[in-house]
1. Full extension from Asp52 to Lys33: what is 0.36 nm times the residue separation minus their Cα-Cα distance, to one decimal in nm?
2. Where the centroid of each part is defined by its Cα atoms, how far is region 4-35 from region 45-85 in Å?
3. What pairs in Lys42/Lys111; Lys119/Lys141; Lys120/Lys141 have C-alpha atoms more than 23 Å from each other?
4. Rounding to the nearest 10 and keeping the result within 0 to 90°, find how far the Cα-based axis of helix 38-64 lies from the longest principal axis of the chain.
5. Reachable aspartates and glutamates from Lys116, Cα under 18 Å, same-chain residues fewer than 8 places away excluded?
6. With +1 on the Cβ of every Lys and Arg and -1 on the Cβ of every Asp and Glu, and nothing else charged, how large is the dipole of region 2-135 about its Cα centre, in debye rounded to the nearest 20?
7. Roughly how tilted is helix 92-111, in degrees to the nearest 10 and between 0 and 90, from the longest Cα axis of the chain?
8. FRET efficiency for Ala20 and Asp69, Cβ-Cβ distance as r, R0 = 35 Å, nearest 0.05?
Amino acid sequence: MQAILVIHNLIRWAILVFGAWTLINAFTGLISKRAYSSADNKSNLFFMIFCDIQLLMGLILFFSNSWFDKMKAGMGDVMKSTTDRFFIVEHGFMMIIAWILVHVGRTAVKKAEADKKHKKAAIFFGIAFLLIIVSIPWPNKAEVARPLFRWFN
């Protein structure tokens, strides 16, 4: 499981890079009124791909660690523990919502008229990116803090 945890941590950085790239493309496209390009398409495609991989890694961690067992034992105890509540309820739920927004956004952008693609990208990917940022267990989050980079011990 340590390997999956390391991969899950590293993919976070790829998601942040491609998410930021996608948003920069969307906002600069909106401001400059430039045409939606293949670079715009590639940035949000890579954002989506890394979100997919991250979801898979997260589900493996959730079901193979004690998180799922704690949830089955009773949500009352889970909700009383800040750490358990964050990882079992808040983190997972918000990340799945972000994952859905990325997929819906990608479809909405592909189907949108040419002059509306950047706006749809900014909305869907912007909300997803914000949810991702808020849901990451950053080192400054007291009881749920995790290191910026997790390595093999």
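Read-outs throughout are calculated quantities, based only on the coordinates presented, and are distinct from any laboratory measurement. Just so you know, these numbers come straight off a predicted model, no measurement behind them. FYI the Cβ positions are ideal-geometry reconstructions off the backbone, even for glycines, and counts take in every protein chain you see.
1. Working: separation 19, 0.36 × 19 = 6.84 nm, distance 3.01 nm.
The span from Asp52 to Lys33 would gain 3.8 nm if fully extended.
2. Between the Cα centres of region 4-35 and region 45-85 lies a distance of 23 Å.
3. Details: Lys42/Lys111 16 Å; Lys119/Lys141 32 Å; Lys120/Lys141 31 Å.
In this structure, Lys119/Lys141; Lys120/Lys141 lie more than 23 Å apart at Cα.
4. Taking the Cα atoms of the chain, the angle to 38-64 is about 10 degrees.
5. Candidates past the 8-residue exclusion: Asp40.
6. Working: 15 positive and 8 negative charges, 103 e Å.
Its charge dipole is roughly 500 debye.
7. 20
8. Numbers: r = 36 Å, r/R0 = 1.02.
Result of the calculation: an efficiency of 0.45.
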